[in-house]
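Here the structure comes first, spelled out in structure tokens, and everything after it is commentary.
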Amino acid sequence: MADAGARRPARTLLVGCGALGTALGERLVDDGAAVTAIRRDGSGLPAAFSTIEADLRHPLSTPLPTFDAVVITLPPGTGQEGSIYPAALTHLAAALTVRPERTIFVSSTRVFEGYGSQAFGGADGRAPLTETDPPLTIGERGDALVEGERLAVDLFDAIIVRPAGIYGPGRDSLIRRVREGAAVDHERRTNRIHEHDLVRLLEALLRADAPPALVHAIDREPVRLGDVVSHIASRLGVAAPPQSEGDAGGGTVLDGSLAHALLGELSYPTFREGYDGMLAAGR
């Protein structure tokens, strides 16, 4: 397993550093590494992190120090200003006078949203999507992610990680929707990953001697959304949310074999262990 590897970057730069980057940084610090975080507002970051306050939409005023590894968790940003990636990644590359030995760019399985109308599984359906399947987007955000992936590879030779449906402490929107009885599409195909296992995967990729260039970060059981909300409702002792109006279905089915080979046993192999743990902690 890659997370048991001997390679340990001594100095890591976390670019963006929201909840995911912070959780990874704390794990690296606990292992004796030095961590620097760069984001527009450094308040609230752990005291153990060095902090650089900067908006990467603009060039940095001074060069960055040398880092063994960089982990980029910037959201794409869309709308009037457009994607953040062309400016942010170009300015980051210009400020790094030495290319890091390893860079990880955290993207999203949203790059596959265009496959949502296709049938998956069964004798007549297509196989789950693997890392060899090309992206197929239908919206601005998906297009921005694909562009960000390409730039990250071109500028940093980055490893691309595509998580699906990140959940965990502080990411409880689905639990709240079930409590509120908000309608959902029970037939929608979904994939997800608990934040703890995603952090483990990122750390494993930082340490691996020969990591893959692209990894889907999902747990071991893609399921219909109705299965998830029904499970949560049963644990809460409430009725399952109603079916939303409009066309039912869509979504994708992904293969996570590569990530599972890297990690071995997941701490939260399916949504059941993950949401049960969140609900138990919430009590």
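The charge dipole of the chain, taken about its Cα centre with unit charges on the Cβ atoms of Lys, Arg (+1), Asp and Glu (-1) only, comes to about 420 debye.
Count Lys and Arg as plus one, Asp and Glu as minus one, and take only other residues whose Cβ is under 11 Å from that of residue 214; the net charge is then -2. Of the residues 251, 32, 21, the one that moves most in a GNM of the chain with alpha-carbon contacts below 10 Å is 32. Computed extension gain for residue 261 through residue 235, at 0.36 nm per residue and net of the alpha carbon distance, reaches 6.3 nm. Which percentage, to the nearest 5, of the DSSP beta bridges contained in segment 132-283 is antiparallel? For segment 132-283, the DSSP antiparallel bridge percentage is about 25.
Where both residues lie in the chain, what percent of DSSP beta bridges are antiparallel, nearest 5? Roughly 10 percent of the beta bridges in the chain run antiparallel, per DSSP. Available extension along the chain between residue 221 and residue 272 is 17.4 nm, counting 0.36 nm per residue and deducting the alpha carbon span.
Distance between the 7 Å Cα→Cβ label points at residue 50 and residue 124: 6.1 nm. Classify segment 231-283 from the C-alpha gyration tensor, please: rounded if a/c falls under 1.5, else prolate or oblate depending on whether a/b exceeds b/c. In terms of gyration-tensor shape, oblate.
For a test of the definition: using alpha carbon positions, the gyration tensor, and the 1.5 limit on a/c, classify segment 1-121 as rounded, prolate or oblate. Oblate, because a/c is 1.5 or more while a/b does not exceed b/c. Of 282, 222, 248, whose Cα points farthest to the positive end of the dipole of segment 213-283 (charges on the beta-carbon: +1 Lys, Arg; -1 Asp, Glu; origin at the Cα centre)? The residue sitting most towards the positive pole is 282. Calculated FRET efficiency, residue 153 to residue 177, Cβ-Cβ distance, R0 = 51 Å: about 0.90 to the nearest 0.05.
The angle between the Cα long axis of helix 225-236 and the main principal axis of the chain comes to about 80°, on a 0 to 90 degree scale. Tally Lys/Arg at +1 and Asp/Glu at -1 over every other residue whose Cβ is under 9 Å from the Cβ of residue 107; what's the total? Taking every other residue near residue 107 into account, the sum is +1. When the chain is treated as a GNM with alpha-carbon contacts under 10 Å, the residue of 194, 186, 216 showing the greatest mean-square fluctuation is 186. Taking other residues whose beta carbon is less than 12 angstrom from the beta carbon of residue 268, and scoring Lys, Arg as +1 and Asp, Glu as -1, yields -3.
Rule-based calculations on the coordinates, nothing more; no lab input. Note that the coordinates shown come from a computational prediction; the quantities given were computed from them, not determined experimentally. Counting neighbours? That spans all protein chains shown, and the Cβs are built from the backbone with ideal geometry, glycine included.
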